[in-house]
Amino acid sequence: MTNDLPSYAVEISGLIKTYRGGKQALKAVDLQIPRGCIFGLLGPNGAGKSTLINILAGLVVKTGGMAKIWGHDVVESSRMARAAIGVVPQELNLDAFFTPRELLELQAGLYGVPQRERRTDELLAAVGLTDKADAYARTLSGGMRRRLMVAKAMVHKPPVLVLDEPTAGVDVELRKSLWDYVRKLNKDGVTVLLTTHYLEEAQELCDRIAIINHGEIVANDTTENLLRRIDNKKMTITLDNDLAVLPDNLRQQGWEQCAPHRLCVAYRPSQVAAGSLLRAVQMNGLTILDLVTEETDLEDIFLQLTRRSDFPKAS
Ligand code: ADP
Ligand code: MG
């Protein structure tokens, strides 16, 4: 074995999963997750996110293609691959009759972590469960269980942490504290892959985002680029007096009257300068009192990309 770091934390090519019964959950997916990033896999329900995660976790057997974790093939080097990954599954399957401390110790045992290298207390503290260390898991709230699952996934210090819908059903405050912990792990060098159908979560947390729909990756870019790609803006202006009729030339530009003294327009910044839209309004002798522009966000691009099943693959 060499000590060379792999170029990608996770490398997937041509990955196919066809479930018994014929459902094609993954259709030749290619995906490379750079070391050190927080990567978001975003997609609507049924898109194939959990299938992909579960193949990485060794819980689902792929039909074709290749998946590597930290350079280890999930089938040919399954033990090495599993040692390199910590997975928080979508379903919370905690044994209700163990305490958080016992669960972490058990997990450490399963992964062969020697006593002196265990860090149960440290992990419990990191996820805010110190005072619940010896309470039965069944008495923990949903958010606490989720955090305990994260601690459990990190017991063997894997370089890659995978979270499948980590904040589904978790309230806003806990969501933020989970995000903080994920950020902290990432700062300490852990590569994070998370799936979500909350756009806000991906936008807030992830360096890169891939969008999956019907088992196909339809976009894969830095969060910044993805947001920049959205060529859609809205502008609303307030006039100093009511307007009886909207002049034709303004209507042709796309302006609409949304209230007696208010006009709005949707435009493509790459095609039209906001200045020319405003100039046209003033040329009609109208006085602009106020102006509001609305940025579109990931939600819009997500809808664009997932609305139609025949959407062409991003190149
Ligand atoms: P996501 O996590 O994005 O919601 P999944 O990976 O769970 O999507 O599911 C992808 C598709 O595969 C869905 O159509 C789902 O119904 C189907 N599927 C998932 N698990 C199984 C299974 N064990 N057997 C048959 N079909 C499945
Ligand atoms: Mg899922």
**Asked** Given Q107, Q32, which one is farther than 18 Å from M149 by Cβ, away from ligand 1 (no atom under 14 Å from the Cβ) and either out of contact with any His (no Cβ under 6 Å at 6 or more places or on another chain) or assigned to a loop (DSSP other than H, G, I, E, B) (or both)?
**Response** Q32
**Asked** Are any of the residues in segment 3-13 in a strand (DSSP E or B), away from ligand 2 (no atom under 14 Å from the Cβ), in contact with a Cys (Cβ under 9 Å, 6 or more places away or on another chain) and within 19 Å of P159 (Cβ to Cβ)?
**Response** yes
**Message:** When you scan segment 230-242, do you find a residue that is assigned by TED's automatic domain parsing to the domain that holds L289, modelled with pLDDT under 90, surrounded by fewer than 12 Cβ atoms within 10 Å (Cβ to Cβ) and more than 30 Å from C37 (Cβ to Cβ), even just one?
**Reply:** yes
**Request:** With the checklist (1) aliphatic (A, V, I, L, M); (2) in contact (Cβ under 8 Å) with a residue 60 or more places away in the chain; (3) within 26 Å of E201 (Cβ to Cβ) in hand, flag the one item A83 doesn't pass.
**Result:** (3)
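Quick grid of which residues meet (1) surrounded by 13 or more Cβ atoms within 10 Å (Cβ to Cβ); (2) farther than 23 Å from D207 by Cα; (3) in contact (Cβ under 8 Å) with a residue 40 or more places away in the chain:
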{"position": "R116", "(1), (2), (3)": "no, yes, no"}
{"position": "L123", "(1), (2), (3)": "yes, yes, no"}
{"position": "L140", "(1), (2), (3)": "yes, yes, yes"}
{"position": "V162", "(1), (2), (3)": "yes, no, yes"}
{"position": "G169", "(1), (2), (3)": "no, yes, no"}
{"position": "T191", "(1), (2), (3)": "yes, no, yes"}
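For residues that are surrounded by fewer than 13 Cβ atoms within 10 Å (Cβ to Cβ) and either of a type in the set (K, R) or free of Cβ contacts under 8 Å to residues at least 12 places away in the same chain (or both), scanning just segment 257-269, find the one that is nearest to N284 (Cα to Cα).
Of segment 257-269, the ones surrounded by fewer than 13 Cβ atoms within 10 Å (Cβ to Cβ) are 258-260, 268-269.
Remaining after also requiring either of a type in the set (K, R) or free of Cβ contacts under 8 Å to residues at least 12 places away in the same chain (or both): 259, 268.
Values: A259: 18, R268: 22 Å.
Only one residue tops the list, namely A259.
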**Asked** Taking the stated definitions as given, is L52 within 16 Å of ligand 2 (Cβ to nearest atom), part of a loop (DSSP other than H, G, I, E, B) and within 19 Å of E76 (Cα to Cα)?
**Response** no
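So that you can scan it fast, the table gives a plain yes or no per residue for (1) touching a His at 6+ places or on another chain (Cβ under 8 Å); (2) more than 15 Å from ligand 1 (Cβ to nearest atom); (3) among the charged types (D, E, K, R); (4) closer than 29 Å to V292 by Cβ:
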| position | (1), (2), (3), (4) |
| --- | --- |
| L140 | no, yes, no, no |
| P166 | no, no, no, no |
| L193 | no, no, no, no |
| I209 | no, no, no, yes |
| I212 | no, no, no, no |
| T236 | no, yes, no, yes |
**Asked** Which one of the conditions (1) in contact (Cβ under 8 Å) with a residue 40 or more places away in the chain; (2) assigned by TED's automatic domain parsing to the domain that holds E200; (3) surrounded by fewer than 18 Cβ atoms within 10 Å (Cβ to Cβ); (4) within 15 Å of ligand 1 (Cβ to nearest atom) does G14 fail to meet, given that it meets all the rest?
**Response** (4)
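Quick one: count up the residues across segment 83-99 that are away from ligand 1 (no atom under 16 Å from the Cβ) and either at pLDDT 95 or above or of a type in the set (A, V, I, L, M, F, W, C) (or both).
Narrowing segment 83-99 to residues away from ligand 1 (no atom under 16 Å from the Cβ): 83-86, 94-99.
Pick out the ones that are also either at pLDDT 95 or above or of a type in the set (A, V, I, L, M, F, W, C) (or both) and you get 83-86, 94, 96-98.
Qualifying residue count, segment 83-99: 8.
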**Prompt:** Out of (1) free of Cβ contacts under 8 Å to residues at least 40 places away in the same chain; (2) not assigned by TED's automatic domain parsing to the domain that holds E165; (3) not aliphatic (A, V, I, L, M), the odd one out for Q107 is which?
**Reply:** (1)
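Count, please, the residues in segment 47-78 that happen to be free of Cβ contacts under 8 Å to residues at least 24 places away in the same chain and within 12 Å of ligand 1 (Cβ to nearest atom). Steps first, answer last, please.
Initial filter on segment 47-78 (free of Cβ contacts under 8 Å to residues at least 24 places away in the same chain): 61, 72-78.
Now narrow it down to the ones that are within 12 Å of ligand 1 (Cβ to nearest atom): 61.
Summing the residues that are free of Cβ contacts under 8 Å to residues at least 24 places away in the same chain and within 12 Å of ligand 1 (Cβ to nearest atom) in segment 47-78 gives 1.
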**Item:** Pick from segment 149-177, criterion more than 22 Å from K68 (Cα to Cα) and part of a loop (DSSP other than H, G, I, E, B), ranking: nearest to ligand 2 (Cβ to nearest atom)
**Value:** A168
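The values are calculated or read from the model by the stated rules, or taken from the named source; none is laboratory data. What you are looking at is a predicted structure, and each value in this text was computed from that prediction instead of being measured. Because the Cβ atoms are built from the backbone with ideal geometry, glycine has one as well, and the counts that use them run over all protein chains shown.
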